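Shown next, in structure tokens, is the structure this report addresses.
Derivation of every value follows stated rules applied to the coordinates shown; laboratory data play no part. The structure displayed is predicted, hence computed values, not measured ones. Here Cβ is always computed from backbone atoms with ideal geometry, including for glycine, and neighbour counts include all displayed protein chains.
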Amino acid sequence: MSDSSAMMRRAVLEVCDAFDGVDRRGTGRVTDQVRRSLDDTIRLAVVGRVKAGKSTLVNALVGRVVAPTSAVECTRITTHYAFGGPERGEVVLRDGRRVPFDLVGGGLPESLPVPIEHIAHAVVHLQSEVLRDMTLIDTPGLATTTTGHEDATRRTVLGHEGVRAADALVYVFRDMPLRDDMEFLREWGSVTDTPGQAAARSIGVLSHADTFGGTPWGADDPIALARDRAAQFAQQHGAHIGSVVAIAGNMAQAARAGLVREFDAGLLAGLARVPELDLELRSGDDFAELAPGIPNIEAKRLVDLIGEYGLRHGRGPAQQGARALSDWLVRASGVDELRRALAVRYVGRYAFVKTRRALERLERLAWANGAPPPLRGIIAEAHLRPELHPLQELDALERLAALEPTHPLVAMLDRQLAARNDAEKLAMPPSSPPTQLRDRALEWSVEARRAAVVEPYPERQNAYQVLDRSFTNLALRLGR
């Protein structure tokens, strides 16, 4: 936990204690829930149309094949993948009861112990390091002919009777978004607290980057084309989605889940001298040989594992063995870029999001009918505490990024939230002495104050004012 996260947590706990000191009988239930919520991990819902590649993406992120990618019974319900041991599964029924079930091969079984019409969702506890920081929620497909499947997703993401299971959204597109995809994202925006939060809490994934544009056998690299298109889409729709990452889902799953064996690498390396045209137009005869000892049926199996793109471009790395091939698949697939985006945009900022949500809940309690007036004074004072100022930085970032995601102020606000120390906040070397850091903070505070006076656009003006206080607080702390 970073210093700023620890200070925010302590500030919220002190507000809870102050509330209880005024009226423990009236506030205790809410303050106890707020205290527990500070230990939550972020819940990311993976959403998209049928066959968009959601479960494949979940497997790639978890690093194991835990989510079925074929149309079996458990794909018709929402499944939460959370950290825990021993590894096990359970279905949560609509009446609140829980029914355990055994995992099969470390993943979901094809059938569940209870009819799906009685199931609210399933929970799978896994010993995966990725899940220490997040809970992944795999949802049924949207735009299906079975409305019950889509309803399950909408309950999870958009909320049901005011309750949402998801904190943030990973929206998976197979190729490019269609009209109903954008409608769902607009609905997501309507249930977040501000327009800026809709973009800040969502990220898009083009999941079939290796076939973008139709075929991996042409002159253009489909993954490069997909990355360019993802960047364009993020710029065009910044109000609805924070960023878009192009991913080759099957390649990422094969590498991250450890599905590539030395035997596979040897087969692929054995195809190195086969002309690309022969590989592309290989015979329909399963037992006709593409290369000595390598029949077509093995090439088909490799395509099922890593796709046509992997078959074409993975032959070189495969000559160095399975480890080298897996490393290449990870790099080429773009999965590490997605993991970094999730770490920075979601996991890294979740402490701020949790704190903001906790304060919002305490504020609602303070202003509820019949609440003791001193509670309002406590919450008003909390908003002025320097250790809670990062919440204003987050709000300013979200508001400005929704309108101008590439504005320099967005990067500056992002630096304040992501920085590991004072030097990083001020873009100075780690060895800088406190006096130099203080001088820089004072200089930037004055610049931000002057800019706020002449800035005509409200969101930019707000960002300058927030940064003015950020640098003033920093200078005061460094001057002690």
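How would you rank 111-122, 75-86, highest first, on the average number of other Cβ atoms within 10 Å across their residues?
Going by the mean number of other Cβ atoms within 10 Å, highest first, we get 75-86, 111-122.
What are the ³J(HN,Hα) values, in whole Hz, obtained from phi via the Karplus relation 6.51 cos²θ - 1.76 cosθ + 1.60 with θ = phi - 60°, for each residue of the stretch 84-93 in sequence order, with x given for Gly and Pro?
Using θ = phi - 60°, the values come out as x, x, x, 5, 6, x, 7, 9, 9, 7 Hz.
Provide the packing ranking of 42-48, 417-423, 345-351, i.e. peptides ordered by the mean count of other C-beta atoms within 10 Å per residue, highest first.
42-48, 345-351, 417-423
Return P(r) of the chain (all Cα-Cα pairs; 20 Å bins starting at 0; whole %; ordered from short to long distances).
21, 49, 26, 4, 0
Any aspartates and glutamates with Cα under 12 Å of the LYS54 Cα? List them, leaving off those in the same chain fewer than 8 positions away.
Counting by Cα, and skipping residues close in sequence, LYS54 has these aspartates and glutamates nearby: ASP138.
Going by average Cβ density within 10 Å per residue, which order do the peptides 299-305, 213-219, 177-183 take, highest to lowest?
299-305, 177-183, 213-219
Full extension from SER111 to GLU280: what is 0.36 nm times the residue separation minus their Cα-Cα distance, to one decimal in nm?
The SER111-GLU280 span can extend by a further 57.1 nm.
Pulled fully out, how much extra length does the chain show between TRP217 and TRP367, if you take 0.36 nm times their separation in residues and subtract their Cα-Cα distance?
Gain on extension, TRP217 to TRP367, equals 47.7 nm.
Given +1 on the Cβ of Lys and Arg, -1 on the Cβ of Asp and Glu, and no further charges, what dipole in debye does the stretch 229-330 carry about its Cα centre, rounded to the nearest 20?
Computed about the Cα centre, the dipole is about 400 debye.
Write down the percent of antiparallel bridges among all DSSP beta bridges whose residues are both part of the chain, to the nearest 5.
45
Full extension from ARG415 to ASP17: what is 0.36 nm times the residue separation minus their Cα-Cα distance, to one decimal in nm?
140.1 nm
Only Lys, Arg, Asp and Glu count, each charged at its Cβ (+1, +1, -1, -1), so figure out the dipole size of the stretch 311-448 about its Cα centre, rounded to 20 debye.
Computed charge dipole of the stretch 311-448: roughly 700 debye.
How high is the relative contact order of the chain, given as a whole-number percent (alpha carbon pairs under 8 Å, six or more residues apart)?
Rounded, it is 15 percent for the chain.
Counting alpha carbon pairs within less than 8 Å and at least 6 residues apart, what relative contact order, in whole percent, applies to the stretch 252-333?
Computed over the stretch 252-333, the figure is 44 percent.
To make sure I understand the rule: partners must be aspartates and glutamates, Cα under 20 Å from the Cα of LYS425, and not fewer than 8 residues away in the same chain. Which ones qualify?
LYS425 reaches ASP3, GLU387, GLU393, ASP395, GLU398, ASP414, ASP439, GLU443, GLU447, ASP468.
Can you tell which of GLN236, ALA122, VAL453 lies farthest toward the positive end of the dipole of the chain, using +1 and -1 charges on the Cβ of basic and acidic side chains (Lys, Arg; Asp, Glu)?
Toward the positive end, the furthest listed residue is VAL453.
For the charge dipole of the stretch 252-333, defined by +1 on Lys and Arg C-beta atoms and -1 on Asp and Glu C-beta atoms about the Cα centroid, which residue among TYR309, GLN320, LEU267 has the Cα displaced farthest towards the positive pole?
GLN320
Could you tell me the calculated FRET efficiency between ARG36 and GLU187, based on Cβ-Cβ distance and R0 = 25 angstrom, to the nearest 0.05?
That pair, ARG36 with GLU187, gives E of 0.30.
Count neighbours as other Cβ atoms within 10 Å of each site's Cβ, and list the GluC sites (Glu not before Pro) in the stretch 54-115 that are DSSP loop with at most 16 such neighbours.
GLU87, GLU110
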